[in-house]
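We did not get these values from a lab; they are worked out from the coordinates using the rules stated. Note that this is a predicted model, so its numbers are computed, not measured. Here Cβ is always computed from backbone atoms with ideal geometry, including for glycine, and neighbour counts include all displayed protein chains.
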Amino acid sequence: MNILVIGAGSIGSTLLRECEHIDRIRRCYVLDHHPEKLERLEDRYPKVVPVEDLDKTLKDTDLVVEAASQEAVKEFGPMALEAGADLMIMSVGALVDEDLRSELYSYDGDIYLPTGALCGIDAVYNASMADVEEVTLETTKPPTSLGLTDIDKRKVLFHGPAEEAVKLYPKNVNVAAILSLASIGFKKTKIKLVCDPDIDRNTHKITLKGAAGTITGISENVPSPDNPRTSYLAALSAAGAIKKICSDVKFI
C-alpha cells in the first residue's frame, strides 16, 4: 500500500521512520509547507516521496494520515475520502465539529483514530457498549508542553465538558477527543486540565464507571524529542496503527 502523510513534524517523522520497516508499505508520500523538512526526510528514508501534484498523488494513495492540525483535517479529510482513500486522523479534536464529523462519516472509506497518548481506550470502548455512569480524564502537563512560561505552581486551567476543552486547547487535548468518541460523547465526558511546573512529563488518568465495572488507566508520557508539546507515545500510536493495518494478526 501507499500512504500520504500530511505534516512532517514530530508525529509525521516518527511515522515515516517506522514505515521504513513495514514491508507492505511501498511509498510514503509527504506533504508539508517546509521544503527543507521534505529534503531531509527524502535523504534519510528511501520510501519518502515529496508531493508535487496532490490530485495525482491521491489517485495512487491507499491511506492518508493527517499529522498536522485540526485545520488539516478539515482541508484534506474530505478530499482524501472523496478520492477513495482511507483516512487516519491524529488531530482528533477536529471531530468536535459535528458538521465535519457528519461529512467525514458520510463517505465509504474507513476512518482510523489512533489512541494517541492514552492507554485503555480499548477497554473504555468495550465498556461503553453497556450503561456508563461517567467518564473522566485528568491531564497534567508541565508548562513547556502547554506553551506557557508564567506558571510557577500547580494550577487547574480547565475543568468541564470535553466539548469546551478541545475548543480552548486544540493542540493539547486530542486525548479528550479520542476518549469522548470512544465512550459517551463530547458533552458528557468530563475533563480536568492541570499545569504543574514540578513535573517533566505528561500524565493522563482516565476513569470510567458503569455497568461493566470501574476502569482506571494512567499513562505518564515522555515528551517527544522533536516537540515537547507532543507525547512520544502519541507519535508511536500512529506508527502502531499503520503496523496494525498492515499486519495479518491484529490486536483490537
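Taking each residue as 0.36 nm, the span from Glu82 to Thr214 lengthens on full extension beyond its C-alpha to C-alpha distance by 43.5 nm. Sorting the segments 160-167, 239-246 by their mean number of nearby beta carbons within 10 angstrom, highest to lowest, gives 160-167, 239-246. Viscosity 1.002 mPa s, temperature 20 °C: Stokes-Einstein D of the stretch 121-222 from its Kirkwood Cα radius, in µm² per second? For the chosen part, D equals 155 µm²/s. Across the stretch 90-135 the C-alpha pair distances fall into 10 Å bins from zero in the proportions 20, 41, 38, 1 percent. Highest-first packing order for the peptide set 173-183, 121-131, 62-72 is 173-183, 62-72, 121-131, based on the mean count of other beta carbon atoms within 10 Å. Under the convention that each Lys and Arg Cβ holds +1 and each Asp and Glu Cβ holds -1, the size of the dipole of the chain around its Cα centre is about 760 debye. For the chain, the antiparallel share of DSSP beta bridges with both residues in that region comes to about 50%. The length gained on full extension between Lys250 and Tyr105, counted as 0.36 nm times the residue separation minus their Cα-Cα distance, comes to 49.9 nm.
Taking a cut-off of 28 Å, what percent of all Cα-Cα pairs in the chain are separated by more than that? Everything past 28 Å amounts to 33 percent.
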